[in-house]
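Working notes for the structure below.
The values are calculated or read from the model by the stated rules, or taken from the named source; none is laboratory data. From a predicted model like this one, the values you see are computed outputs, not experimental measurements. Don't worry about glycine lacking a Cβ; one is built from the backbone with ideal geometry, like all the others, and counts go over all protein chains shown.
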Amino acid sequence: MDKYILEIEKLSVSYKQGSYALKEISVSLEPNKVVSVIGLALAGKSTLLRSLNRLHEIYTGIRIEGRILFKGENIMNQPVIDIRKKIGMVFQNPNVFPNMSIYQNVLYGYRLNNISLSKAENDRIAEETLRETGLWDDVKDKLQSRPNILPHSLQQQICIARALALQPEILLMDNPTAQLQPAYINVVEDMIYRLRDKMTVIIATQNLSQAARISDYTLFLEDGELIEFGDTSQLFWSPADKRTERFIMSQS
Amino acid sequence: MSRLKSHRIRIDRLVFGGVVFCAVLAICPLIGLIFDLFVNGYKQIHFDFFIQVNPTPEEARLFQSAGLLIPGGILNGITGSFSVVAIAVLIAAPLGILMALFMYDDHSSRFSNFFHCLIVSLMGIPAIIAGMIVYLWMVEPFHSFSALAGGVSLAIVMLPMIIYSTLDALNTLPANMKEEGAALGGTYTNVIFLIILPAAKDKIISGILVAASRAVGITSPLIITALGSSEVRWNVQEPVSTVSMLLWNFFNNPSMVDMVWTTALFLFLTVIVLNIIAKSIYHGQIHT
Amino acid sequence: MKDKTFKILLFLSAISILLLSGGMLYSLIAESLPVFGHLGYLVSGEWFSYIGYTLLIAVLALAIAAPFSISLLLIYAEYCSGKMIASTLAFVMDLFAYIPSVVWGVWAYYSLRPVFGNDILLVSIVLAAMIIPYSVYICVNYIPLVPRSIKEGAYCLGATRLEVLGTICFPFMTKGLIAAGFLSLGKILGETMVVTILFGKTITSVIFNRFGTNNDLESGALFALSLFLILIIVAVNVAARYMFKKHWHE
């Protein structure tokens, strides 16, 4: 296995002519770690995450410069749908698909990719991912019902299960717990901590204590620039850059 | 101070009363219409109304002067309406949905502004003018009036409505749906067909039904494209009568007054039923 | 289906709509050409009067409908906002709006014509009755209503409902009301059956009654008139939607 699972080289993203949301970000990430991306709103956290699974491509007019290497290969050289299977994403708003059952929701990644598995396989994947997200006991007898019977927080966990079902190697999480109730935030954070064994997790978060709790490495962005990247405890307790320190102080 | 205040309150109440009065008055025509339709239209309602073709003016005059019920019915109109509207839906619905999907795609703002303007312009075209165009394109060159031509003219009228309501249905989906689907590795086509369209289908189908309910009531372009027929015809290349056209024909004949009322009642109820079905599929309002 | 195929399909549908619109415009212009050489014919009394009647009736209908539409709008949005009356009202309006114009025309002919002497007045009233639900629908759905906080502020200061309406809501909604008026005008101008049954001298009626004539000049005049009508309707619709777009972004 290569030393780094993701190498970002001088990544710049601009939505509008002349203004850059991300400015020449360069960083290398090791596998099986949890990396948190912190910074103010509009600092570029979401933009960074969306560059990693090429999500920007569904819109026109977004310019991307630089290179992103996934396991040594440029992600632009591989078919985008393969990239997105290996680099999954969880959004801030729980976007369950409303007109299908919980069971179908979780397995929809496969349906979307025209991969049909046997019923036994489907059942197994559904159960595994739902257990992973701590939902299994709550929904195991309601698998065929619509997800809107569940409260908001549980819907988010369905979305996580859905992303996990494709067994990605990297999981991108964009503020996944921002709308959850505190009890569920714990469940999700525990899950993220455990996921390290199987994959790399990159989580953008506004919640500094969350970043401190669960991540191995932390990346601090301000105004689209990478200010500091390093070991979490080191960055939090003795940040190298004054701006990092100021940010952490202001949020405490 | 209190005299001034009660003065203001009095004016407020006066205006409120005026507003309520106006509102009630505004509903009166509708009530009058429905009332008259039922009161005058019940006379010719009988089983035959639905299974026979329209009577000739001579027959009508004969029976009317004898004080008897006019024979015949509007069967040819019912089948005609059905085929013409079906043709219109078959043309306008797929085209309209595709066009809405095209506009839903991300485009530069100038591009999408242009198409929005285009659709808005198409929406304003009066039905009669659509009929003129279809006459020029389909009837004149082939010297034949037909249900097909009638259907095409209705399709031209329905198309902008369907495009707009479908586009509205797509735009009111949660913005992240496309992203979710894409993030799971779905191709553009798969995301549209497996996620977006199923989520919007209630609204889309409802919009099509509402457009069809409008099409059922359209008369003017059909007179110059489908011409009319006293027989039940299923061949779409031949002239045909719709219920709305029959209503117009009956109206032009002084001895068919009773038929006019009953046919009008029938048309009215058909439109209402279609709208109720549309509302039962989607409970909110359709933007056309 | 492959992505490329689907995108081509979408593109083709857009092209076909473009071709349809362009084709329609072309046909209309081509058919009205015979009359452009004899513009005098067109501007002669007869055809001119049709244009005049059309506009007159449309403006009259709008003027008659306006107070009623606004009253209904106020009841729905302000006076009884949120109550059952408002939603039954919306339901009734919806019902109203899709009644075929032939049905309106026939009913008005038999029931209202004996009562009214003047045809122009009758036609305007019936058109007004037809356009009221549509205009209320437009207003309700497209005019962003005044934020509650502003209204509550005014009420707290002791303003009556009327005063809140007049001084706060109306200025806020004027642009939207004007745009709604434009859209309604467009709808009225395109109406055929009612005006034909009750009056018979508007542009749409003339087209309907005389279409298929062999006289080239007359046929050309019909097409020229329809071009004129379309131009007005399109201008009015585009202006209205443009106003709404800007309004929305506020």
Of all residues in region A:83-93 being over 12 Å from residue A:169 (Cα atoms) and facing another protein chain (nearest Cβ under 7 Å), which is nearest to the chain's Cα centre (by Cα)? A:91
Quick check: anything in region A:119-127 among the polar types (S, T, N, Q) and part of a loop (DSSP other than H, G, I, E, B)? no
Residues located in region B:180-210, provided they are within 26 Å of the chain's Cα centre (by Cα), among the hydrophobic types (A, V, I, L, M, F, W, C) and within 7 Å of chain A (Cβ to nearest Cβ): B:199
Using the structure shown, decide if residue B:276 is surrounded by fewer than 20 Cβ atoms within 10 Å (Cβ to Cβ) and of a type in the set (A, V, I, L, M, F, W, C). yes
From the list B:21, B:82, which one is surrounded by fewer than 17 Cβ atoms within 10 Å (Cβ to Cβ), at pLDDT 85 or above and within 14 Å of chain C (Cβ to nearest Cβ)? B:21
From the options B:218, B:224, residue that is outside any helix (DSSP H, G or I) and at the interface with another protein chain (Cβ under 9 Å from one of its Cβ atoms): B:218
The number of residues in region A:199-226 that are touching a residue at least 40 places away in the same chain (Cβ under 8 Å) and either touching a Phe, Trp or Tyr at 6+ places or on another chain (Cβ under 8 Å) or not polar (S, T, N, Q) (or both) is 19
Going by the structure shown, is residue C:13 modelled with pLDDT of 90 or more, surrounded by 13 or more Cβ atoms within 10 Å (Cβ to Cβ), assigned to a helix (DSSP H, G or I) and within 9 Å of chain B (Cβ to nearest Cβ)? yes
Here the residues within region C:95-125 that are under 21 Å from residue C:69 (Cα atoms) and of a type in the set (Ser, Thr, Tyr) are C:98, C:101, C:124
Give just the number: which of (1) outside any loop (DSSP other than H, G, I, E, B); (2) more than 28 Å from residue A:196 (Cβ to Cβ) does residue A:88 not satisfy? (2)
Name the residues in region A:97-111 that are facing chain B (nearest Cβ under 9 Å) and either part of a loop (DSSP other than H, G, I, E, B) or of a type outside the set (Ser, Thr, Tyr) (or both), would you? A:97, A:98, A:99, A:100, A:109, A:111
Considering region A:32-66 alone, what residues qualify as being more than 17 Å from the chain's Cα centre (by Cα) and in contact (Cβ under 8 Å) with a residue 60 or more places away in the chain? A:40
Just wondering, is there one or more residues in region B:40-52 that are buried (at least 18 other Cβ atoms within 10 Å of the Cβ), hydrophobic (A, V, I, L, M, F, W, C) and more than 30 Å from residue B:165 (Cα to Cα)? yes
Having 3 or more residues that are crowded, with 16+ Cβ neighbours inside 10 Å and out of contact with any Asp or Glu (no Cβ under 8 Å at 6 or more places or on another chain) is the bar; report the strands (runs of 3 or more DSSP E) wholly within region A:4-54 that clear it. A:6-14, A:34-38
I'd like the full set of residues that are in a helix (DSSP H, G or I) and farther than 21 Å from residue B:218 by Cα, limited to region C:182-224. C:182, C:216, C:217, C:218, C:219, C:220, C:221, C:224
Odd one out for residue B:88, checked against (1) more than 12 Å from chain C (Cβ to nearest Cβ); (2) surrounded by fewer than 24 Cβ atoms within 10 Å (Cβ to Cβ); (3) at pLDDT 90 or above: (2)
When residues of region B:174-193 are limited to those that are among the aliphatic types (A, V, I, L, M) and buried (at least 18 other Cβ atoms within 10 Å of the Cβ), the one farthest from residue A:163 (Cα to Cα): B:192
Scan of region A:136-156 for residues that are in contact with a helix residue (DSSP H, G or I) (Cβ under 7 Å, 6 or more places away or on another chain) and either under 16 Å from residue A:176 (Cα atoms) or part of a helix (DSSP H, G or I) (or both), ordered by number: A:136, A:138, A:139, A:147, A:153, A:154, A:155
Output for region B:236-258, where each listed residue is within 11 Å of chain C (Cβ to nearest Cβ) and among the hydrophobic types (A, V, I, L, M, F, W, C): B:243, B:245, B:246, B:247, B:248, B:250, B:251, B:257
Leading residue by the ranking (farthest from residue B:110 (Cα to Cα)) among those in region A:55-82 that are away from chain B (no Cβ under 14 Å) and assigned to a helix (DSSP H, G or I): A:77
Hey, residue C:73 more than 28 Å from the chain's Cα centre (by Cα), within 14 Å of chain B (Cβ to nearest Cβ) and modelled with pLDDT of 80 or more or not: no
Hey, could you check region B:1-18 for residues that are out of contact with any Ser or Thr (no Cβ under 6 Å at 6 or more places or on another chain) and surrounded by 15 or more Cβ atoms within 10 Å (Cβ to Cβ) and say which is farthest from the other protein chains (Cβ to nearest Cβ)? B:16
Picked from region A:193-252 (must be in a loop (DSSP other than H, G, I, E, B) and among the acidic types (Asp, Glu)), the residue surrounded by the most Cβ atoms within 10 Å (Cβ to Cβ) is A:216
Qualifying residue in region A:70-81 (condition: within 19 Å of residue B:188 (Cα to Cα) and under 13 Å from the mean Cα position of the chain (by Cα)): no
Could you tell me whether region C:23-30 includes any residue that is within 9 Å of chain B (Cβ to nearest Cβ) and touching a residue at least 12 places away in the same chain (Cβ under 8 Å)? yes
Taking helices (runs of 4 or more DSSP H) that do not extend beyond region B:98-194, which have at least 3 residues that are in contact (Cβ under 8 Å) with a residue 60 or more places away in the chain and within 27 Å of residue C:1 (Cβ to Cβ)? B:147-171
Tell me, which residue of region C:201-221 that is within 8 Å of chain B (Cβ to nearest Cβ) and more than 16 Å from residue C:189 (Cβ to Cβ) is modelled with the lowest pLDDT? C:212
Which numbered condition residue B:129 fails, given (1) more than 7 Å from chain C (Cβ to nearest Cβ); (2) on the phi < 0 side of the Ramachandran plot: (1)
